Amino acid sequence: MTLLRTRKRKSLASDIGASPSKDIVPFPRKRESMAKVVSERRWLKSWTPGQVGGDNVLRGGRSIIMLTSGSKPERIEAGTGKMPRHVAIIMDGNGRWAKKRMLPRAMGHKRGVETVRKIVRAAGELGLEALSLYAFSSENWKRPEDEINDLMGLMREFIKSDLDEFAANDVRLKIIGNYKALAPDIVDMLEESIARTSQNTRTTLAVALNYGAQDELARAARSAAAQGEITVESIEANLDTAGLPPLDLLIRTSGEQRLSNFMLWQAAYAEFWFTDTLWPDFSKDELAQALTEFSTRERRYGGR
Ligand code: FPP
């Protein structure tokens, strides 16, 4: 019986080009809705060797992520630990993207916002529970005033233009960082948007604004002390990210390999993935590539 089950599992896995593993679990065909089967088949049909990409297919209430890393499709069931629940991105390289094209830096940031839009959509399509984006650090105030104004202007535009889409796509907006120090109209706009999307459950978009991990930790420790004992749990409960799933994967674009005061606590057991791609050129395909590589990492959390 066990042998039969193993054989069935192997043949289904090889049907879709995935390597048989305990994390790739076939579903009972009879109970699957035809629409979902067609959706998965269509996805596989449209895949060509060398392609990188991914999509989320729902079957009977369970989620399967179809990913390709260029050689063959991988079918990963959400909930097996092979798909990250929470991905954070240090979006770097807007300035260099603009410089390479002899454009003003502001154009790099503008294109960066378009990439934010695409990646938020991709996060929903790939079934991520949370996506955290480092948009403005507490150190970015050192930049020239014009650039700060450009970034704040883009933030206003982004919220105005994209909030309806968040609401329609079940995206919950969360802000991490000391955002109350931003201009009052931005604070109002953010708080209204947070309230409007607070009941959404598909994906949480956590935007880091005026964020510095050291400041976040100091604030969390102060709150924990005011409530009682300082422990790992009490600090964690007071971090700006409280309530989000643990950080699984941290991506940084543009070839830099440092944390720059981002999610120092949360990154304790996160996997890191770096790419030379400048943020405005980052794509859903490259995100899928990072997720595919994540699915192959062995996470031991200090054990063996
Ligand atoms: C780093 O590029 C990027 C930033 C400091 C800001 C990131 C902001 C955006 C992508 C746009 C605003 C975001 C939202 C959510 C609306 P850099 O300027 O340091 O690039 P460089 O290292 O090439 O100079």
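Computed values, structure above
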| read-out | value |
| --- | --- |
| Entirely in segment 210-304, the helices (runs of 4 or more DSSP H) that have 2 or more residues that are more than 16 Å from the ligand (Cβ to nearest atom) and within 14 Å of the chain's Cα centre (by Cα) | 284-296 |
| Among the candidates 67, 128, residue that is touching a strand residue (DSSP E or B) at 6+ places or on another chain (Cβ under 6 Å), farther than 21 Å from residue 157 by Cα and either without any contact (Cβ under 8 Å) to a residue 60 or more places away in the chain or in a loop (DSSP other than H, G, I, E, B) (or both) | 128 |
| So residue 273, is it more than 19 Å from residue 68 (Cβ to Cβ), of a type in the set (A, V, I, L, M, F, W, C) and surrounded by 14 or more Cβ atoms within 10 Å (Cβ to Cβ) | no |
| Residue identified as near the ligand (Cβ under 10 Å from one of its atoms), assigned by TED's automatic domain parsing to the domain that holds residue 278, of a type outside the set (S, T, N, Q) and within 20 Å of residue 84 (Cα to Cα) among 151, 205, 128 | 205 |
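Residue-wise test of (1) hydrophobic (A, V, I, L, M, F, W, C); (2) under 23 Å from residue 205 (Cα atoms); (3) touching an Asp or Glu at 6+ places or on another chain (Cβ under 6 Å); (4) more than 7 Å from the ligand (Cβ to nearest atom).
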position: 77; (1), (2), (3), (4): no, yes, no, yes
position: 84; (1), (2), (3), (4): no, yes, yes, yes
position: 89; (1), (2), (3), (4): yes, yes, no, yes
position: 94; (1), (2), (3), (4): no, yes, no, no
position: 108; (1), (2), (3), (4): no, yes, no, no
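Yes/no matrix, rows are residues, columns are (1) under 20 Å from the mean Cα position of the chain (by Cα); (2) buried (at least 18 other Cβ atoms within 10 Å of the Cβ):
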{"position": "96", "(1), (2)": "no, no"}
{"position": "116", "(1), (2)": "yes, yes"}
{"position": "133", "(1), (2)": "yes, yes"}
{"position": "139", "(1), (2)": "no, no"}
{"position": "144", "(1), (2)": "no, no"}
{"position": "150", "(1), (2)": "no, yes"}
{"position": "159", "(1), (2)": "yes, no"}
{"position": "171", "(1), (2)": "yes, yes"}
{"position": "184", "(1), (2)": "no, no"}
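The values are calculated or read from the model by the stated rules, or taken from the named source; none is laboratory data. Keep in mind the model is a prediction, meaning the values are calculated, not measured. Every residue, glycine as well, gets a Cβ built from its backbone with ideal geometry; the counts of neighbours run over all protein chains shown.
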